[in-house]
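Before any comments, here is the structure.
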Amino acid sequence: MDTVDERLGDGLERVLCAHHARRLRRLGRSGVLTPRPDTDGYAAGPAVRDGNRIEVLIDGMRVLPAIAEAIRNARSSVHVAGWHITPDFRVLRDGDGDGSGDGGVTVRELLAEAAERVPVRVLLWAGPPLPVFEPTRARAKAARDALTGGTAVRCVLDARERTLHCHHEKLVIVDDAVAFVGGIDLTDVEGDRHDSERHPPHPGLGWHDAAMRIHGPLVADVAEHFRQRWVELTGDGLPRPVVPPPAGTSRAQLVRTVPERTYSFARAGEFSILDAYLRALHSARDLIYLENQFLWSPEVVEVLVDKLRHPPHDGFRVVLLLPRRPSNGADTTRGQLGRLLDADEEAGPDPQLLATTINSHDGERSGSVYVHAKVGIVDDRWLTIGSANLNEHSLFNDTEVNVVTTDAELARSTRLRLWSEHLQLPIADIDGDPAEVVDRCWRPVADEQARRESAGHRRTHRLSMLPGVSRRSERLAGPLRGLLVDG
């Protein structure tokens, strides 16, 4: 059965990849899938901007207060685009720094106060046509009504989604001068976004995420994306944003997924997130580090498989951080991981791949942490953060926004901060050759925790090997889903 399942999975993925290739070729976008020896990792088309100041904010306890501060200081406008908003979600909380207090400021209060001074515009997904998954259209309408009722906030629901897909980007733009691009929605649907780098155990689901705070010319591209969607949906004459002056030294690019025939401003669609990822992954020489909610995309997995079968050198490593139980597509992700494990074994006895997850742990108690971050780092020279998952939804069919930068110092410092958090070690202890750190720190800890868990013993560390990774190619659901809903 394993062999039959593997062959079926391979065949369906070939069909899906061929379908994607035909679709992009028909749209004049076939260059997205063309292997190339690029070393910069920027997508073809979107402007690459110099002079930006980019800060990477890790976990909700850093992201959410920064967003709230920017909105409270708004002088001309506040623009928000998200998958969903919970109006009574507390963006700021009183308490001990871990978000455990009962007081604080809700999204509605924050936006309503700002709307007394400046225009506040909110774009939300309208929800699926049938109530088959969250947020339902009833929940989306209730959120809109709660945000706008008795306030000057304007909120528009966008129902132009492709079948079984959504508007998934997470953006906040204030005064067209500062922008936040990342993975955090202002909601507690499916999990509490207020979590810290310590990820203390609590009754709910822990949440690991990341975002960028951006100043400088790139903010105009984030603002223009919001403006394009807003104008098309409302007909308002919102002016084009003025490009801000240089604010830092980072070179960066805004990349998007915009499915074709969704908006008139991108009639043939845009798939620059996939383009940027494939360019960077193809060019990897030393390290690929991915944090993501899903790993379904056969186009991405094919590059990883090829890299593992033909590693650039013995010190090449691929490190993955994924959720223990993704909200959907678990078998698809595990089947793809099975392919990667097989490719790693084919290359030789020394493993180059490590697939991990994290849990909340304080020495006595443990709990679940959902990996929702969408972070890609290649060779400490290329970094992307945004809303896009590594599946066909995000790379072909949902609206998504990421930022790509080749600021090597920022890429490296972000990796070290993330690794310090997950390994529970000071940066000084992991500030060395990445392959050596993977072999000395990541792998022994992950292996030990997996052994303890298998034996029924209590875990002693946050990091663990991803459980349930099977070499069976149980990945039929992903290709089938893609063929059924991807027109």
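The values are calculated or read from the model by the stated rules, or taken from the named source; none is laboratory data. The structure displayed is predicted, hence computed values, not measured ones. Ideal geometry is used to build each Cβ from the backbone, glycine not excepted, and the neighbour counts take in all protein chains shown. In case anyone asks, the SASA skips ligands and DNA or RNA and just uses the protein heavy atoms, side chains included. Shrake-Rupley method; radii C 1.70, N 1.55, O 1.52, S 1.80 Å.
Summary of computed values
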{"item": "Long-range HN-HN contacts of V91 with modeled amide H, under 5 Å", "result": "V105, T106, V107"}
{"item": "Accessible area (Å², per residue) of the chain, counting only protein heavy atoms and a probe of 1.4 Å", "result": "37"}
{"item": "Estimated FRET transfer efficiency (E453, H313; beta-carbon r; R0 35 Å; 0.05)", "result": "0.60"}
{"item": "Loop-located trypsin sites (Lys or Arg not before Pro) in the range 317-408 whose Cβ has at most 14 other Cβ within 10 Å (DSSP)", "result": "R365"}
{"item": "Reachable aspartates and glutamates from K307, criterion Cα separation under 14 angstrom, eight or more residues apart if same chain", "result": "D286, E299, D342, D344, E345, E346, D379"}
{"item": "Nonlocal amide H pairs with D59, under 5 Å, H built at 1.01 Å", "result": "D209, A210, A211"}
{"item": "Cβ crowding within 10 Å averaged over residues, with 266-274, 454-462, 66-74, 394-402 ranked highest first", "result": "394-402, 266-274, 66-74, 454-462"}
{"item": "Anisotropy class of the range 197-330 from Cα gyration tensor, a/c 1.5 cut", "result": "prolate"}
{"item": "Dipole magnitude of the range 76-171, debye to nearest 20 (Cβ charges: Lys/Arg +1, Asp/Glu -1, about Cα centre)", "result": "560"}
{"item": "Vicinal HN-Hα couplings computed from phi for the range 294-311 (Karplus, 6.51 cos²θ - 1.76 cosθ + 1.60; Hz; Gly/Pro x)", "result": "9, 9, 9, 4, x, 5, 5, 4, 4, 5, 5, 4, 4, 5, 6, 6, 10, x"}
{"item": "Cα-Cα pairs of the chain separated by more than 42 Å (percent)", "result": "12"}
{"item": "R75-D350 FRET efficiency (beta carbon distance; Förster radius 60 Å; 0.05 resolution)", "result": "0.60"}
{"item": "Value of relative contact order over the range 54-193, rounded to a whole percent, pairs C-alpha under 8 Å and six or more apart", "result": "31"}
{"item": "Cβ-derived FRET efficiency at R0 45 Å, T460 paired with E113, nearest 0.05", "result": "0.50"}
{"item": "³J(HN,Hα), Karplus 6.51/-1.76/1.60, whole Hz, each residue of the range 33-41, x for Gly, Pro", "result": "9, 7, x, 8, x, 4, 10, 8, x"}
{"item": "The range 230-336: relative contact order as a whole-number percent, Cα under 8 Å and 6+ apart", "result": "21"}
{"item": "Distance between the range 272-301 and the range 210-250 - C-alpha centres, whole angstrom", "result": "26"}
{"item": "Shape category assigned to the range 363-470 from the gyration tensor of Cα positions, a/c cut at 1.5", "result": "oblate"}
{"item": "Electrostatic dipole magnitude of the chain [Cβ: Lys, Arg +1; Asp, Glu -1; Cα centre; debye, to 20]", "result": "1280"}
{"item": "Under 5 Å, built H, 5+ apart or other chain: amide partners of T151", "result": "none"}
{"item": "Share antiparallel - DSSP beta bridges, the chain, percent rounded to 5", "result": "70"}
{"item": "Shape call, the range 276-362: gyration tensor on alpha carbons, a/c limit 1.5", "result": "prolate"}
{"item": "Distance in nm between pseudo-label sites at D362 and D306 (7 Å out along the Cβ direction from Cα)", "result": "4.8"}
{"item": "Length-normalised contact order for the chain - Cα pairs under 8 Å, 6+ apart - percent", "result": "19"}
{"item": "Charge context of A450, other residues only, Cβ under 11 angstrom, K/R +1, D/E -1", "result": "+1"}
{"item": "Residues of type lysines that K374 reaches as a straight line, Cα spacing below 18 Å, ignoring anything fewer than 8 places off in the same chain", "result": "K170"}
{"item": "For the chain, with +1 on Lys and Arg beta carbons and -1 on Asp and Glu, the positive-most of V255, G432, T414 along the dipole", "result": "V255"}
{"item": "Peptides ranked, highest mean first, by Cβ atoms within 10 Å: ranges 416-428, 252-264", "result": "252-264, 416-428"}
{"item": "Per-residue [θ]222 nm for the chain (sum of -39500 (n - 2.57) over DSSP H runs n ≥ 4, rounded to 500)", "result": "-10500 deg cm²/dmol"}
